[in-house]
1. Determine ³J(HN,Hα), in whole Hz, for all residues of the stretch 118-133 in sequence, where each value follows from phi through the Karplus function 6.51 cos²θ - 1.76 cosθ + 1.60 and θ = phi - 60°; x replaces Gly and Pro.
2. Once phi is turned into ³J(HN,Hα) by the Karplus curve 6.51 cos²θ - 1.76 cosθ + 1.60 with θ = phi - 60°, what whole-Hz value does each residue of the stretch 150-163 show in order, with x for glycine and proline?
3. Report the FRET efficiency, 1/(1 + (r/R0)^6), for F139 and T42, where r is their Cβ-Cβ distance and R0 is 45 Å, rounded to 0.05.
4. At 20 °C and a viscosity of 1.002 mPa s, what translational diffusion coefficient does Stokes-Einstein give for the stretch 47-176, taking Rh as the Kirkwood radius over Cα pairs? Give it in µm²/s as a whole number.
5. Of K72/K105; K66/K126; K44/K110; K126/K151, which sit over 29 Å apart, Cα to Cα?
6. Could you order the peptides 128-136, 86-94 from most to least packed, using the average number of other C-beta atoms within 10 Å per residue?
7. If the cut-off is 14 Å between C-alpha atoms, which aspartates and glutamates fall inside it for K19, apart from same-chain ones fewer than 8 positions away?
8. Based on the Cβ-Cβ distance from Q23 to D64, what FRET efficiency comes out when R0 is 30 Å, to the nearest 0.05?
Amino acid sequence: GIDRVQSTTKNASKPFNGKTPAQRKADMKSSNPSSNNGEDVTVKAIIRCFDSIFDRSKHIPYRDSKLTRLLKSSIEDGHTIMVGCLSTSNPSHAESDAMLQFFHKCSSLKTKKKPFVVNATTEINKRQPRILTLASQLFNINDTEEAMSMKPSQVECTMQSPPEMVELCDLLTEIQSLKADPLTSLLAGNPSSLP
């Protein structure tokens, strides 16, 4: 008779490599992300975001795709560049027309740029507990006034410095710049003074 060669893998002799229908469907979706009835899920997510912006909706679904999450700040600030692939061929006419309409709609979108206002006092107060902890740990300084009056130059950072030392130096540098910037202090005291 004919000798059968034994399979080296357990699932090789089973139909569909031993996968259930649900597993095969998941494999097909992961290998072809645009298999949702020929529609690209990411493009639909971008369109939903822009539609929500046009409708002035309180919720904009940025979390619907990875791309919209990445583009969130650009879309909100109005720094978005659209690139599309258009075709004059007959089968692609409807898709190209829809793309042009979407681009026209996006070009008329006016986003309201939010002024960047920093409340220096709030930012300094946020950093204060960590500075106190690090100053106490590294320099045995337990006085709040003394710890907050430290200068970045008092903390020597080298390549061998522990991460806590580097963090303290960074925090002190941030506080120094928050205290030194008069515009930040002015805006912190009266945010309505923006032009």
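1. Residue by residue, the stretch 118-133 yields 10, 8, 4, 4, 5, 5, 5, 5, 5, 7, 4, x, 5, 4, 4, 4 Hz.
2. 5, 9, x, 5, 6, 9, 7, 10, 10, 5, 8, 5, x, x
3. Values: r = 51 Å, r/R0 = 1.14.
It comes out at approximately 0.30.
4. Estimated diffusion coefficient is 110 µm²/s.
5. K66/K126
6. Ranked by mean Cβ neighbours within 10 Å, highest first: 128-136, 86-94.
7. D27
8. So the FRET efficiency works out to roughly 0.75.
Coordinate-derived values only; no laboratory data. On a predicted model such as this, the values are computed, not experimentally measured, just so you know. So basically every Cβ, Gly included, is an ideal-geometry build from the backbone, and we count neighbours across all protein chains shown.
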